[in-house]
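Report on the structure given below.
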Amino acid sequence: AVGEVWHPPPVNIAKAVVLLLLAASSAACASTIDWDYSKEVDPRKTEYVIGAADGLQINVWQNGDLSTQAIVRPDGTITMPLVGDLKVGGKTPTQVRNEIKARLAEFVKAEAAIVTVAVTAVNSYRFTVTGSVQNPGTFNSQYYVSLADALAMAGGPTRFADTSAIEVIRPNGDNGKSRRIPVSYDDIQTRRRPAANIILIAGDN
């Protein structure tokens, strides 16, 4: 009719998942997420945690026969002369070094067991971006990645993604459970809450 203004029908906003699910809520509204991001682990401030497929160089001073290079197997173990199979997945290089020294003490004088453990290849730092993003998938990186970096690596959100309610699903140690960390990407873009741009850890999805 003359004088009437046509309004397009409402569009159903697709739920996106970045490192999990982008839950449905209005992207136009200010964030109401109440979360203390300062309590989340920042892997840049802690010693590197070894994972599957990482490369290691283990040197035993003046014992070249005991020194070895190894790739961490999927079960998190390596094999070392005299020591045999050694669980290294989920441990830091310092923890692995101390365990090797303790195991070698059965064969080598304690004062002679000077051990160094170096990570020569970082292959276990992986995270997953799924849902309404341009290129969902699992990504590797040689450096630590923030949530905004991860979205960029996945091509960014699609036009239908609700970026105001992202969830990062984070593994919680060895208990088989996980935690859901709510994040508003809008808060990151507008710099209302820069702390929401958390650094991902291996296994986030």
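Keeping every protein chain present and rolling a 1.4 Å probe, give me the accessible area per residue for the range 78-205 in Å².
50 Å²
May I have the extent of the alpha carbons of the range 44-161 along their three principal axes, as whole Å values ordered from largest to smallest?
Computed over the range 44-161, the largest-to-smallest principal extents equal 65, 26, 18 Å.
How much FRET efficiency would the formula 1/(1 + (r/R0)^6) give for TRP35 and GLN95, where r is the Cβ-Cβ distance and R0 is 45 Å, rounded to 0.05?
Efficiency, from the Cβ-Cβ distance: 0.90.
Amide H neighbours of ALA165 under 5 Å, counting only residues 5+ apart in sequence or on other chains, H built in-plane at 1.01 Å?
Residues meeting the amide H criterion: ALA23, TYR185.
What GluC sites (Glu not before Pro) in the range 101-201 are in a loop by DSSP, with at most 12 other Cβ atoms within 10 Å of the Cβ?
Qualifying residues, ordered by number: GLU106.
Taking square-rooted eigenvalues a ≥ b ≥ c of the alpha carbon gyration tensor, is the range 137-187 rounded, prolate or oblate, where a/c under 1.5 means rounded and, failing that, a/b exceeding b/c means prolate?
Oblate, since a/c reaches 1.5 and b/c is not below a/b.
Per-residue counts of other Cβ atoms within 10 Å, averaged by peptide: what ranking do you get for 190-196, 148-154, highest first?
Per-residue mean Cβ counts within 10 Å order the peptides as 148-154, 190-196.
For q = 0.15, 0.17, 0.18 Å⁻¹, what log10 I(q)/I(0) does the range 108-199 give under the Debye formula with an equal point scatterer on each alpha carbon and no solvent?
Treating every Cα as an identical point scatterer, log10 I(q)/I(0) equals -0.68, -0.82, -0.90.
With point charges of +1 on the Cβ of Lys and Arg and -1 on the Cβ of Asp and Glu, referenced to the Cα centre of the range 88-205, which listed residue (ASN98, PRO157, ASN205) lies farthest in the positive direction of the dipole?
Value computed over the given set: ASN98.
Do any trypsin sites (Lys or Arg not before Pro) in the range 63-130 lie in a loop, going by DSSP, with at most 16 other beta-carbon atoms within 10 Å of their beta carbon, and if so which?
Those satisfying the criteria are LYS109.
Out of the range 106-165, which chymotrypsin sites (Phe, Trp or Tyr not before Pro) are coil in DSSP terms and have no more than 11 other C-beta atoms within 10 Å?
Here the chymotrypsin sites (Phe, Trp or Tyr not before Pro) that fit, given the DSSP loop and packing criteria, are TYR143.
The values are calculated or read from the model by the stated rules, or taken from the named source; none is laboratory data. Treat the numbers as computed from the prediction; the structure is a model and nothing was measured. Here Cβ is always computed from backbone atoms with ideal geometry, including for glycine, and neighbour counts include all displayed protein chains. Accessible surface areas use protein heavy atoms only, side chains included; no ligands, DNA or RNA. Shrake-Rupley method; radii C 1.70, N 1.55, O 1.52, S 1.80 Å.
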